[in-house]
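Structure record follows, encoded as C-alpha cells.
The values are calculated or read from the model by the stated rules, or taken from the named source; none is laboratory data. What you see is a predicted model, and the numbers here were worked out from it, not measured in a lab. Counting neighbours? That spans all protein chains shown, and the Cβs are built from the backbone with ideal geometry, glycine included.
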C-alpha cells in the first residue's frame with residue numbers, strides 16, 4: 001500500500017486517540033464498521049472521499065485537515081527513511 005494511505009491511517013488513529021476514543025466509538029460516530037476503521041488505521045485499505053468526510057466530521061475536523069495530517073506523516077516517514085538509508089551506507 002502507498003505511504004500516503006499508511007500516513008492517512010496513522011493520522012486517523014492519532015486523531016481518534018487524541019479524542020480519547022476507541023475504534024468502536026469512532027466507527028459509531030462515522031457510521032462505519034469497527035473492523036473497517038481498524039483496516040484504515042493500519043493503512044490496509046484505500047478509503048473513498050465519502051469515508052474521509054465521515055471520519056473527519058466525526059473527529060471534528062475538515063476533511064482536508066485529516067488528509068493534510070496524513071501527508072505530513074507520510075513526508076516525515078519518507079525523510080526519516082532517507083536518514084536511515086544514509087546511516088546504513
Selection over region 17-45 where residues are over 18 Å from residue 74 (Cα atoms), in contact with a helix residue (DSSP H, G or I) (Cβ under 9 Å, 6 or more places away or on another chain) and in a helix (DSSP H, G or I) yields a count of 15
Residues that are within 14 Å of the chain's Cα centre (by Cα) and surrounded by fewer than 16 Cβ atoms within 10 Å (Cβ to Cβ): does region 1-10 have at least one? yes
Among the listed residues 51, 68, identify the single one that is in a helix (DSSP H, G or I) and crowded, with 16+ Cβ neighbours inside 10 Å. 51
When restricted to 48, 75, the only residue at pLDDT 95 or above and out of contact with any helix residue (DSSP H, G or I) (no Cβ under 6 Å at 6 or more places or on another chain) is 48
I'm checking my understanding of the structure. Among residues of region 15-27 that are without any contact (Cβ under 8 Å) to a residue 24 or more places away in the chain and under 18 Å from residue 63 (Cα atoms), which one is surrounded by the fewest Cβ atoms within 10 Å (Cβ to Cβ)? 18
Sort out which residues of region 54-70 are within 17 Å of residue 4 (Cα to Cα) and without any contact (Cβ under 8 Å) to a residue 24 or more places away in the chain, and write them in order of number. 56, 63, 64, 65, 68
Six or more apart or on different chains, Cβ under 6 Å: which pairs go from a residue in region 72-83 that's closer than 9 Å to residue 7 by Cα to one that's surrounded by 11 or more Cβ atoms within 10 Å (Cβ to Cβ) and at pLDDT 60 or above? Could you list them? 73/7; 73/10; 73/11; 74/3; 74/4; 74/7
